[in-house]
Amino acid sequence: MNYKTFDFIKQRTKFFIFSGVITIAGIVVILFFGMNLGIDFSSGTRIDVKAPHEINVDQFQQSIQSIGLNAERPVLSGTNNTIVSVRINKQLNQDEIAQVKTTVKKQFDVSNSNVNVSTVSPQIGRELAKNAFWAVLISSLCIIVYVWIRFEFLQGLAAIVALLHDAFIIISVFSLLHLEVNIDFIAAVLTIVGYSINDTIVTFDRIRENMKLNKKKLRTFEDLAEIVNKSIQQTFVRSVNTVLTVLIATVALLIFGGPSIRNFTIALLIGLISGAYSSIFIASPLWAIWKIKAIQKSKKKPSPSV
């Protein structure tokens, strides 16, 4: 694709259809697979153990089950599989926590400091989920207000549609792959919100500059499309180079960062690609449609009588 001659606005329907199909597929995936909520947002117990030697997953799971606890499949990490984490969908009491620590210390020859048991009650889980929802909602509203003041309301609205598009794609992929949704996931979504809006604002700023330089009045959609196309073409290389630079760092984190930040990195990776796509192919074309409708609507209004 030659971005210097590509008509982004003319091909807008294809991009809208593509995003619509992705959205519908995401809804179906979420309805069928649901979300794998971590203990941060549901309730339960997480057990983390660091041993001086390699840990056998089956042996560890059997030791947990031997004290009457139903645990999910443990996850190994560390250079030589010396760290194991397991989730139990139950809030353990103090006696059960003490029993877990005693069993694990005896069977795997680890000290008390290397056995960490963290619990989250249903009330705390609901509170964290509510706070996460409000964090995303308030940040989105602040973005609309900022873009409204800095540019115009319709551009703020288009930017939010693009952000919701990016967030939904991340959620859909996590549902499909059954990846755990926890506080790190929310941090990744908020990071993508900041990155994506930055990319979108750069394009909107160039649109505003080109509209000021434009000598003729905007009478038709073709007049507006010409300005938007020119603006996207002028910022296209910057947008692509920026996302590629960040992607390199993100892939490095995914490979070398370890399991503890893997879900965070995966969310970033998906969001970066989706954010670059939406800022170029969704936000600006969508604004162009709304803008020309607003212009045409204002022209139809009768002039006030004197």
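The values are calculated or read from the model by the stated rules, or taken from the named source; none is laboratory data. These figures come from a predicted structure and were not determined experimentally. Glycine also receives a Cβ, built like all others from the backbone with ideal geometry; neighbour counts cover every protein chain displayed.
If you go through the stretch 186-240 and pick out every residue that is among the β-branched types (Val, Ile, Thr) and not in a helix (DSSP H, G or I), you end up with 1. Within the stretch 185-214, the set of residues being farther than 27 Å from residue 131 by Cβ, out of contact with any Phe, Trp or Tyr (no Cβ under 9 Å at 6 or more places or on another chain) and among the hydrophobic types (A, V, I, L, M, F, W, C) comprises 202, 211, 213.
Output the qualifying pairs, or none if there are none: Cβ atoms under 7 angstrom, residues six or more apart or on different chains, first residue in the stretch 240-264 and over 15 Å from residue 274 (Cα atoms), second residue part of a loop (DSSP other than H, G, I, E, B) and at pLDDT below 90. Pairs found: 263/179. Filtered by the rule that a residue be over 20 Å from residue 155 (Cα atoms) and hydroxyl-bearing (Ser, Thr, Tyr), the stretch 185-201 gives a lone residue, 191. Note on the stretch 28-60: residues that are in contact (Cβ under 8 Å) with a residue 60 or more places away in the chain and among the hydrophobic types (A, V, I, L, M, F, W, C) amount to 10. Filtered by the rule that a residue be among the β-branched types (Val, Ile, Thr) and either touching a strand residue (DSSP E or B) at 6+ places or on another chain (Cβ under 8 Å) or under 30 Å from residue 233 (Cβ atoms) (or both), the stretch 3-36 gives 5, 9, 13, 17, 21, 22, 23. For the stretch 158-181, the tally of residues that are out of contact with any Phe, Trp or Tyr (no Cβ under 7 Å at 6 or more places or on another chain) and either β-branched (Val, Ile, Thr) or over 14 Å from residue 34 (Cα atoms) (or both) stands at 13. Per the listing 100, 145, 117, 86, the residue uniquely under 15 Å from residue 44 (Cβ atoms), more than 20 Å from the chain's Cα centre (by Cα) and in a helix (DSSP H, G or I) is 100.
Filter the stretch 148-168 for residues that are of a type in the set (Phe, Trp, Tyr) and free of Cβ contacts under 8 Å to residues at least 24 places away in the same chain and give the result. Those that are of a type in the set (Phe, Trp, Tyr) and free of Cβ contacts under 8 Å to residues at least 24 places away in the same chain: 148, 153. Of all residues in the stretch 92-147, those satisfying the criterion of being without any contact (Cβ under 8 Å) to a residue 40 or more places away in the chain, touching a helix residue (DSSP H, G or I) at 6+ places or on another chain (Cβ under 9 Å) and surrounded by 15 or more Cβ atoms within 10 Å (Cβ to Cβ) are 101, 105, 144. Selection of the stretch 61-70 for residues being in contact (Cβ under 8 Å) with a residue 24 or more places away in the chain and either under 19 Å from residue 120 (Cβ atoms) or not in a loop (DSSP other than H, G, I, E, B) (or both) yields 61, 63, 64, 69. Checking each residue in the stretch 215-247 for being within 18 Å of the chain's Cα centre (by Cα) and more than 24 Å from residue 7 (Cβ to Cβ) picks out 246, 247. Only one of the numbered conditions (1) more than 30 Å from residue 284 (Cα to Cα); (2) modelled with pLDDT under 80 is not met by residue 33, and that is (2).
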